[in-house]
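Peer 1: This is the structure I have questions about; it appears just below.
FYI, it's all coordinate maths here, none of it is from the lab. Keep in mind it's a predicted model, so treat the numbers as computed, not measured. Every residue, glycine as well, gets a Cβ built from its backbone with ideal geometry; the counts of neighbours run over all protein chains shown.
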Amino acid sequence: MADVMLMKEIETTADRLGIDLSTVDLDSISLPPGQDFGILSDDEDVLQGGDNPELDIGFGNIIIVDNLPVVPREKFDKLEGVIRKIYSQIGVIKEDGLWMPIDPETQKTLGYCFIEFNSPLEAELAREKTNGYKLDRSHIFAVNMFDEFDTFMKVPDKWAPPEFTPYTSGENLQHWLTDEKARDQFVIRAGSDTEVLWNDARHLKPEPVYKRAFWTESFVQWSPLGTYLATVHRQGAAVWGGASTFNRLMRYAHPQVKLVDFSPGERYLVTYSSHEPSNPRDANRVVINIFDVRTGKVMRDFKGSADDFAIGGTGGVAGVSWPVFRWAGGKEDKYFARIGKNIISVYETETFSLIDKKSLKVENVVDFCWSPTDPILALFVPELGDHPARVSLMQIPSKDELRQKNLFSVSDCKMYWQSNGDYLAVKVDRYTKTKKSTYTGFELFRVRERDIPIEVFELENKNDKIIAFAWEPKGHRFAVIHGDNPRPDISFYSMRSANNTDKVKKLTTLKGKQANALFWSPTGRFVILAGLKGFNGQLEFYNVDELETMATAEHFMATDIEWDPTGRYVATAVTSVHEMENGFNIWSFNGKLLYRILKDHFFQFLWRPRPPSFLSPEKEEEIAKNLKKYSKKYEAEDQDVSMLLSEQDREKRRMLKEEWDKWLNEWKRLHEEEKLERQTLRDGEVSDEEEEYEAKEVEVEEILDVSEEVLSFEE
Amino acid sequence: MRPILMKGHERPLTFLKYNRDGDLLFSCAKDHTPTVWFADNGERLGTYRGHNGAVWCCDVSRDSMRLITGSADQSVKLWNVQTGEQLYSFNFGSPARAVDLAVGDKLAVITTDPFMDSPSAIHVKQISRDPSDQTGESVLTIKGPQGRINRAVWGPLNKTIISAGEDAVVRIWDSETGKLLKESDKESGHKKTITSLSKSAEGSHFLTGSLDKSAKLWDTRTLTLIKTYVTERPVNAVAMSPLLDHVVLGGGQDASHVTTTDHRAGKFEAKFFDRILQEEIGGVKGHFGPINALAFNPDGKSFSSGGEDGYVRLHHFDSDYFNIKI
C-alpha cells in the first residue's frame, strides 16, 4: 500500500496541474494490464489477506430452499433424505452442508433449509433447476441464493415512486451519414489494432476516424443499420458510436460472451456464451441474454445445456448454429424464433414470451427462415416414413399456413429469400432413381402474387452441380454457378419475362469461368463473379443489365469480398488465414483498382451499414432520370480534386528531388575535400573515378551496301 | 530483356560481386566453391577450390588481382584471381559471415558468427601486398552486437565500419579504436533481421534490406535515415544502380514456407524502386526461390541475381529501361 493518495491530495495535485476534476471520468481510467503502480485494489486486498486462497469467500455456493413441509422431529430424517436426494443429483453437497433449522419451541422444522454446494456454479444450477419444483401440491419450492438475502432484506415495505431523471439529449448517433462527401466508413482489425476509416476514394486513400489498440477481445460487429459498433470482452459486450468519435454508449454484462447478434432494427442485442460443465460427460452449458440495446436492460435470458440449443435435426454435427434466435424481418423487431426438436418457438418482443404461450409443433422440422421483410416463416421438413418432405410458408402471429409444397425423394433443401421478400427460392437436392446420386432443382415461390404460385425450375443440364446461387438484391434476377468441370458455367435468370407470363426467363450463360462465388452489388445490376480459394482470387465485374463484362482483375489469394452499402465500391481482402499478402484492396464498382493497403495479421474488414433510404421509389426514379443534372456538380468537384491531387503529387516529387540534390551536393563537396586523403590511401593512385560512368547514346552508322542505278526520266 | 542463366552452383547462392571494371562477376554459394564468370556473356572462367563449407561473402581488390572469401568453415581465404591459387587463410573459431576490403585494399573487415561460447565479432585484418608477408593477426576486434552480423563495410576514408545484422540495428564504429559512434534509431529503424547492406557507388549512402519487408537508405556519415522502400516480402538482397536513381530489392517468402499452390505466392521477384520517390517501377521475375544476392554491374547496364534455386541470372537491360519516366 505504498503511494495511495488521499482524495484531498489528489485534489491539490489536480489543482496544481490545472485539471478540473469534475470533468475527469475516474471510472474511465484503467491501468495497463499487469501494472498496478503500487496501488492495491480492494478486491485484491481481500484475496491476499486470506491465508488460504482456496478458502471459500462469500456465500455464493449456498442456497436457501423455502416452502418445505413443516415436520415434527420424527419425520425430520425422512425429509432430509428427500431433500438430499433431490439436490445431490445436481451437485455435490458439502459435508454438513445441509442445515434445516428447528424451532426450539414447537420442535418442528421451520419450512426451510440451507444447502451448501461445492461450487457457486452448482448452487446457481440448483437454483435454476429446482425453483418452482413441486414436491407436492402445496409445497412448491422457492429457491434463492444466500447472497441475494441482503437484496431481499433491503426491499422497502412501501412503494416509492421512482425518481425521474431529466431528459438529456444524446449525441447524433447517425452523424456519419451527414458526411459532406457522402463517403462510407469501414472498420478493420489488424494485429492488436482496430481502426475505423473513411473510404476516401477521390483521394485514393482511407482517412482515419478512430483507432484503438485492444478495442475488442475477439471481433467487432456493426449493428445492421450502422449505428453501433459492438465489441466483445471477457465481462460482456459493449456498443460504441457517437457524433464525433467512438464513445462507449452501453455495456452489456455477460461473462465470457462468445457471440453477439443484433435484431434487424437494432433494438435488441443477443449475446451467447457457452461454459464447460463440471462433469465432463455433460454437454456445455449455454447462456443467452437478450438486451435492450439502448437501456442495457436484460429483456430475457435463456439458459440450458448445449443440446437444447443445438439444431440436431439432420442428426449431423451436434453444435449450436449461430444465430440461435432468428429475427423476423422489418424494422419493428417484433418476432424472433428458434428451432428445437419438433418445434419452432416463436417469441414476440412486447412481452418476450411465446406467441400464444406455446411453441409451434412441426414434426421433424430441420430448418426455417424468416422473410427479410415480413413476418413470414419458411419451414423445411424432410421426408419421414410415408410422409413426403415439405416446404411451407407460415404467417406469424396467426400461424396460418400460406402455402405448402410436398417434395419427393429429397436429400437436402436450402432456402434463399430475395432481399425484398418478393421471391423465395428453394434449392432441392433429389435422389436419382438409383438413389446413388443426387441432382438439383429449384422451387420458386412468388410470395407477393395471389395464392403464391410456385414454379419448378431446372437447369438445362439438370445433372450440373450447383456451386452458388444468389438473388439480385431488390431485383428480380438471380445468378447460378453450375457445372462439374474445374471451370463452371454461370447463368443469369429473370423472374419476369417480356410479356409478363410469370415464367422464369434465362438471360444468358457464361461458359467456363474461374468462379465459385457470387457477390451482387447491394443496389443490384452489377455482380462480381469471384474465384476464391482454389482460384486464387480471380474477379470478374459483370453488368447484368447490359450482359457484359466490365473488367476482369485479380486480388491474389483474396479471401473476402464486401460491397459497400451504396454499391459504389468493393473491398477485397486477404485475411490472416493466409500468412502472406494480408491486407485489402478497394475497387470501384466497375473493377478499377483504387487503392491497396497491406497490413500484417489482417483479421476483419467490415463496411459500416447504412439505414435504408427515406426516398420513395418514385423520387429515386426521378433522380435516376435527371442524373445528368445532378452529376454535373459532382463531376466538377471530382475534377478539382484530381487536379489538386496531381498538383500535390508533382509538388511532392519536386520537393523530394530538390532535397535529394541538396543532400547529394553536400556529399560531393565533402567527397571532393577528401580526395587527396583517398589518394594517399591508394598509394597515390590518382584515379578516383567511381562516379565517372555516364549513360551516353552513341549513334553508329554502318554502310552495308551502296548500289547505283540509272533511272530513265521522261518529261 | 532475356536473362542469361548461369548454372554453376549446386546449392543456393549467397553473394554476388562485380570487379571494378565490370568485366568479371564473382559468385558465392553454399556449395564451397566461389566461381568467377565473364560478366558480359556469362561464361564460366573458373572456380576457387579450398573451402570446406558454405561461402557467405566475398570481395575483390580494386586491381582485380585478389579475391577474399569468407566461409562457414571458419576461415577467410585470400586468392589469386587469375590462377585460382589460395594465397592465405585466416582461421577463426567460428564461421565467417561478411568480408569487405578497405579503400586501398590494405585492410579487410571480417565478421564472425556467434558459435559455441564465443559471441559474434568484427575483425579488422591487415592485408599485405606480398602474400608471403601476410600474417593472421587482427588489428582490431569489436564485440558487442547480439546475434549474427550479416554485413560489415567500410565507411568513408576507412575511418568507420558500418555493421548490421540479426538485432535489426545499424551501427557505425570507429575503425581505429573500435568505439561505437552511432546507432540507428529503434523507432525509425528496421524491426527485424537486416539481411543485406549495399553501399552506393561513391559511398555517400547505403541501403539495408530486412526481413521486416522493407529496405532503408541511410547517410553513410551521419546515419540519418533518408528513404524507406516498402515491399510485400522479406528482403534478402539489395543493390543500387550506379547509373540511374534506381534501387533493386530481392527476396521472397522464406524457402521453408514456400507454398505449393502457386508460383506467384512466393513473390520471388527483383523489384525496382525509384531511389528518390520511393515508388515501385517494375519487377524482374524468374527465380524459383527467394533471391539471396543482387549486384549491379558498375556500368549500370546490367545486373545479376542469385537465388535459393542455385541459379545466377544475368540481365542486360533493354534500351527502354534507360528511358523509364515516372
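Peer 1: Under a point-charge model restricted to the Cβ atoms of Lys and Arg (+1) and Asp and Glu (-1), what is the dipole moment magnitude of region A:448-504 relative to its Cα centre, in debye to the nearest 20?
Peer 2: 220
Peer 1: Next up: Which loop chymotrypsin sites (Phe, Trp or Tyr not before Pro) in region A:210-257, with loop taken from DSSP, have no more than 14 other Cβ atoms within 10 angstrom of their Cβ?
Peer 2: Answer by residue number: A:Phe214.
Peer 1: Something else: Per-residue Cβ counts within 10 Å, from other chains only, averaged over A:574-587: what number is that?
Peer 2: 2
Peer 1: I've got another one for you. Quick one: grab the alpha carbon gyration tensor of chain A, order the square roots of its eigenvalues as a ≥ b ≥ c, and give me rounded if a/c is under 1.5, else prolate or oblate depending on whether a/b is larger than b/c.
Peer 2: Oblate, because a/c is 1.5 or more while a/b does not exceed b/c.
Peer 1: Would you mind calculating the relative contact order of chain A from Cα pairs under 8 angstrom and at least 6 residues apart, reporting the percent as a whole number?
Peer 2: Relative contact order, chain A: 6 percent.
Peer 1: Now, a different point. Report the one residue of A:Leu98, A:Ala558, A:Thr508 whose Cα lies farthest in the direction of the positive end of the charge dipole of chain A (charges on C-beta: Lys and Arg +1, Asp and Glu -1; origin at the Cα centre).
Peer 2: A:Leu98
Peer 1: Take the Cβ-Cβ distance between A:Asp77 and A:Asp356 as r, set R0 to 56 Å, and report the resulting FRET efficiency rounded to the nearest 0.05.
Peer 2: 0.75
Peer 1: Loop-only check: which GluC sites (Glu not before Pro) in region A:481-590 are DSSP coil with at most 11 other Cβ within 10 angstrom?
Peer 2: When the GluC sites (Glu not before Pro) of region A:481-590 are filtered for loop state and at most 11 Cβ neighbours within 10 Å, A:Glu546 remain.
Peer 1: Cα atoms only, region A:153-243: Rg and Dmax in Å?
Peer 2: 19.0, 66
Peer 1: Find which of A:Ile481, A:Ile339, A:Val544 sits farthest along the positive direction of the dipole of chain A, computed with +1 on the beta-carbon of Lys and Arg, -1 on that of Asp and Glu, about the Cα centre.
Peer 2: Going by the charge dipole, the pick is A:Ile339.
Peer 1: Under the 0.36 nm per residue contour assumption, what length would be gained going from the current alpha-carbon distance of A:Lys436 and A:Glu673 to full extension?
Peer 2: 76.4 nm
Peer 1: Using Cα pairs closer than 8 Å and at least 6 residues apart in sequence, work out the relative contact order for region A:62-153, in percent.
Peer 2: Relative contact order here is 40 percent.
Peer 1: Identify, among A:Phe302, A:Leu598, A:Ile623, the residue whose Cα sits farthest towards the positive end of the charge dipole of chain A, taking +1 on the Cβ of Lys and Arg and -1 on the Cβ of Asp and Glu, with the dipole about the Cα centre.
Peer 2: Comparing the listed Cα positions along the dipole, A:Phe302 ranks first.
Peer 1: According to the square roots a ≥ b ≥ c of the eigenvalues of the Cα gyration tensor, what is the shape class of region B:1-108, taking rounded for a/c under 1.5, prolate for a/b larger than b/c otherwise, and oblate for the remainder?
Peer 2: oblate
Peer 1: Right, another one. What pairs in A:Lys205/A:Lys652; A:Lys154/A:Lys258; A:Lys592/B:Lys227 have C-alpha atoms more than 23 Å from each other?
Peer 2: Where the Cα-Cα span goes over 23 Å, the pairs concerned are A:Lys154/A:Lys258; A:Lys592/B:Lys227.
Peer 1: Between A:Thr168 and B:Asp245, what is the spin-label point distance in nm, taking each point 7 Å from the Cα along the Cα→C-beta axis?
Peer 2: That separation, rounded to one decimal, is 5.6 nm.
Peer 1: Additional query: DSSP loop (so not H, G, I, E, B), at most 14 other Cβ within 10 Å: list which trypsin sites (Lys or Arg not before Pro) in region A:589-636 pass both filters.
Peer 2: A:Lys592
Peer 1: Same structure again: Where a ≥ b ≥ c are the square roots of the eigenvalues of the C-alpha gyration tensor, would you call region B:4-323 rounded, which needs a/c under 1.5, or, failing that, prolate if a/b is larger than b/c, or oblate?
Peer 2: Rounded shape, in that the Cα axes give a/c under 1.5.
Peer 1: OK, next. Taking only C-alpha pairs under 8 Å that are 6+ residues apart, what is the relative contact order of region B:4-323 in percent?
Peer 2: 13 percent.
Peer 1: So for region A:62-153, considering every pair of alpha-carbon atoms, how many percent are separated by more than 20 Å?
Peer 2: 31
Peer 1: Would you calculate a helix-derived [θ] at 222 nm for the protein assembly as shown, using -39,500 (n - 2.57) for each DSSP H run of n ≥ 4 and dividing by the full residue count, to the nearest 500?
Peer 2: That comes out to -3500 deg cm²/dmol.
Peer 1: Determine the shielding of peptide B:313-324 by partner chains: average, over its residues, the number of Cβ atoms on other chains within 10 angstrom of each Cβ.
Peer 2: 0
Peer 1: Would you mind working out the magnitude of the charge dipole of region B:4-323 relative to its Cα centre, with +1 at each Lys and Arg C-beta and -1 at each Asp and Glu C-beta, to the nearest 20 Debye?
Peer 2: 380
Peer 1: Got a sec to turn the phi values of region A:62-69 into Karplus ³J(HN,Hα) couplings, 6.51 cos²θ - 1.76 cosθ + 1.60 with θ = phi - 60°, whole Hz, x for Gly and Pro?
Peer 2: Running phi through 6.51 cos²θ - 1.76 cosθ + 1.60 with θ = phi - 60° gives 10, 10, 10, 9, 10, 6, 7, x Hz.
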